[in-house]
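Engineer: My questions all concern the structure below.
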Amino acid sequence: MVLASNFLVPNGTFVVELIAFLLVLAALRRWVLPYVSKAMDERQAAIRKSLEDAEEARRRHEEAEAEYRRAVEEARAEARRLVDEANRIAEQLREDARQRADQEYQRIVSRAQPDIEASARRAAEELRQQVGDLVVTVVERVVGEGLTTEQQRGLVDRTIAEVESQAASSGVSA
């Protein structure tokens with residue numbers, strides 16, 4: 001009876017419980033555990049696949065980001081190049097327009113120069129004629145009698161010569 005009261009010594013119930021436990025473990029191992037292991041393996045594979053996909057998506061995102069930045073930098077460089085080219089062309093066009101304007105100015109001046117000189121000669125001749133008429137009128141009034149045409153011409157020529165010499169000595173041109 002001492003044996004029956006010792007809890008360290010196994011009795012018949014313990015052996016039956018142990019056998020039942022081992023049978024349940026064997027049944028679980030044979031019929032349940034393969035399904036659970038398969039489900040766990042599939043779940044781990046799905047998680048692994050999701051992680052690989054996420055890593056691939058992150059890598060593609062970084063590549064796309066790098067490509068985007070490169071494209072933006074290329075676009076900026078191209079825009080700077082185009083602006084510089086446009087500025088260069090605008091400066092060239094301004095210079096061409098300035099040269100054409102200078103050429104047109106020179107052409108107009110050179111074409112107008114003979115007209116100006118002819119107008120100056122006509123004005124000088126008209127002035128000489130008016131001065132001559134004025135001198136003849138003054139002389140006729142002072143002298144009181146008419147002058148012959150030859151005397152008038154001589155008087156006018158002398159007067160004009162004196163006026164021109166005085167103008168030349170004072171620096172004024174007729």
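Engineer: For Val135, indicate whether it is under 21 Å from Arg121 (Cβ atoms) and either modelled with pLDDT of 80 or more or not in a helix (DSSP H, G or I) (or both). Before the answer, list the steps.
Structural biologist: On the way: under 21 Å from Arg121 (Cβ atoms): yes; either modelled with pLDDT of 80 or more or not in a helix (DSSP H, G or I) (or both): no.
It is false that Val135 is under 21 Å from Arg121 (Cβ atoms) and either modelled with pLDDT of 80 or more or not in a helix (DSSP H, G or I) (or both).
Engineer: Please work out which one of (1) in contact with a Gly (Cβ under 6 Å, 6 or more places away or on another chain); (2) part of a loop (DSSP other than H, G, I, E, B) is the condition Leu147 fails and give its number.
Structural biologist: (1)
Engineer: If you check Arg111, Arg121, Arg94, Arg88, which single one turns out to be basic (Lys, Arg), exposed (fewer than 10 other Cβ atoms within 10 Å of the Cβ) and in a helix (DSSP H, G or I)? Walk me through how you get there before you give the answer.
Structural biologist: Working: Arg121 fails: exposed (fewer than 10 other Cβ atoms within 10 Å of the Cβ); Arg94 fails: exposed (fewer than 10 other Cβ atoms within 10 Å of the Cβ); Arg88 fails: exposed (fewer than 10 other Cβ atoms within 10 Å of the Cβ).
Just a single option satisfies the conditions, and that option is Arg111.
Engineer: Here's something else I'd like to know. Which of (1) at pLDDT below 95; (2) in a helix (DSSP H, G or I) is the odd one out, the single condition Leu8 does not satisfy?
Structural biologist: Of (1) at pLDDT below 95; (2) in a helix (DSSP H, G or I), only one is false for Leu8: (2).
Here's the yes/no breakdown for (1) more than 48 Å from the chain's Cα centre (by Cα); (2) not basic (Lys, Arg):
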| position | (1), (2) |
| --- | --- |
| Ile47 | yes, yes |
| Arg58 | no, no |
| Arg80 | no, no |
| Ala86 | no, yes |
| Pro114 | no, yes |
| Arg122 | yes, no |
| Thr149 | yes, yes |
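Engineer: Further question on the same structure: Among the candidates Glu17, Glu63, Glu52, Glu42, which residue alone is within 42 Å of the chain's Cα centre (by Cα) and assigned to a helix (DSSP H, G or I)?
Structural biologist: Working: Glu17 fails: within 42 Å of the chain's Cα centre (by Cα); Glu52 fails: within 42 Å of the chain's Cα centre (by Cα); Glu42 fails: within 42 Å of the chain's Cα centre (by Cα).
Criteria check complete, one pass: Glu63.
The values are calculated or read from the model by the stated rules, or taken from the named source; none is laboratory data. Note that the coordinates shown come from a computational prediction; the quantities given were computed from them, not determined experimentally. In this analysis, Cβ positions are derived from the backbone assuming ideal geometry, glycine residues included, and neighbour counts consider all displayed protein chains.
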